[in-house]
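The values are calculated or read from the model by the stated rules, or taken from the named source; none is laboratory data. What you see is a predicted model; the values in this text were computed from it and never measured. Counting neighbours? That spans all protein chains shown, and the Cβs are built from the backbone with ideal geometry, glycine included. For accessibility, only protein heavy atoms count, side chains too; no ligands or nucleic acids. Shrake-Rupley method; radii C 1.70, N 1.55, O 1.52, S 1.80 Å.
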Amino acid sequence: MLRIGALVSGGGTNLQAVMNAIDSGLIPDAEISIVISNKKNAFALERATNAGIENVVIQRKNFSKSEDFDRALADELRSRNVELILLAGFMSILGPSFFEHYENRVMNIHPALIPAFSGPGYYGLKVHEAVLEYGCKISGASVHFVTPEVDAGPLILQKAVVVESGDTAEILQKRIMEEAEWQIYPEAVRLFALGKLRVDGHQVIIKK
Ligand code: GRF
């Protein structure tokens, strides 16, 4: 049984997509063992409660140093023997020490085609606003392993989504979630659960 921990801050629709894929059997032999939010009112917490998944709030403001916050998160995950960590709309940057025990075991979903519109400052609607301002005709989403450098870890899956004339950032965000994020995040977790992902340098090889 693959034990998964999810870090969230907001609505939790990607978390929901992964939970649904576990329930339907698309992701075999896996469970979400713990959901941790750094925001008290994140709707993702309600989704976890509704699914009977243990969930806790750990807030950065309760720690004097960010390393201590990172350690509290890691301790919580380690106490549940989590083997895969999903950042699912988690709006906090984790420091290098967090990854020591979890190399190539932390995934993130980013709402653009990395390396475009990614890195520090590109989060939430800001990503889609920048895509529209640039005049891109396509955007999309990327799932990657997380390294200490923001949005720069090895890419696992990407999916393109057409930008349509008249799109607002909100409309584009919604289309990218529906057409890309909610598909490729569960699929990346499925591949991990099946042992089909091998990291070679900056490349992820998907075994047949
Ligand atoms: C998504 O757009 C994801 O790509 C980004 O943050 C958003 C989270 O949405 N990292 P949700 O909390 O999964 O609904």
query: Over 27 Å between Cα atoms, which of Lys39/Lys196; Lys174/Lys207; Lys174/Lys208; Lys159/Lys196; Lys39/Lys174; Lys137/Lys196 qualify?
result: Lys39/Lys196; Lys174/Lys207; Lys174/Lys208; Lys137/Lys196
statement: For Tyr123 and Ile205, extending 7 Å from Cα along the Cα-Cβ vector and measuring point to point gives, in nm, a value of 3.5
- request: Go through region 23-113 and name the chymotrypsin sites (Phe, Trp or Tyr not before Pro) that are in a DSSP coil and have 15 or fewer other Cβ atoms within 10 Å of their Cβ.
  value: Phe63
task: Please say if the chain is rounded, prolate or oblate, where rounded means a/c under 1.5 for a ≥ b ≥ c the square roots of the C-alpha gyration tensor eigenvalues, and otherwise the choice is prolate for a/b larger than b/c and oblate otherwise?
output: rounded
- prompt: Pick from His110, His128, His101: which is most flexible by mean-square fluctuation in a GNM of the chain where alpha carbon atoms under 10 Å apart are linked?
  reply: His101
query: Among Gly119, Gly25, Gly11, which one moves the most in a GNM of the chain with springs linking Cα atoms closer than 10 Å?
result: Gly25
query: How large is the accessible surface per residue of the chain, computed with a 1.4 Å probe and reported in Å² as a whole number?
result: 49
- prompt: Are there GluC sites (Glu not before Pro) in region 163-208 that DSSP marks as loop and that have at most 11 other Cβ atoms within 10 Å, and which are they?
  reply: Glu164
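Taking all protein chains as present, what is the carbon and sulfur share of the accessible area of the chain, in % to the nearest whole number, probe 1.4 Å?
Answer for the chain: carbon and sulfur cover 50 percent of the accessible area.
Just the number: Rg to Rh for region 1-102, Cα atoms, Kirkwood Rh, two decimals.
Working: Rg = 13.0 Å, Rh = 13.7 Å.
Rg divided by Rh gives 0.95.
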- prompt: Which part of region 165-208 falls in the paramagnetic zone of Asn20, meaning amide N under 16 Å from the point 7 Å along Cα-to-beta-carbon?
  reply: 174-190
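Place a +1 charge on the Cβ of each Lys and Arg in the chain and a -1 charge on the Cβ of each Asp and Glu, then give the dipole magnitude about the Cα centre in debye, rounded to the nearest 20.
Dipole about the Cα centre, nearest 20: 200 debye.
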message: With a 1.4 Å probe and all protein chains kept in place, how do Ile85, Ile22 rank by accessible area, largest first?
response: Ile22, Ile85
task: Would you work out which of Leu84, His128, Asn20 lies farthest towards the positive end of the dipole of the chain, given +1 charges on the beta-carbon of Lys and Arg and -1 on that of Asp and Glu, about the Cα centre?
output: Leu84
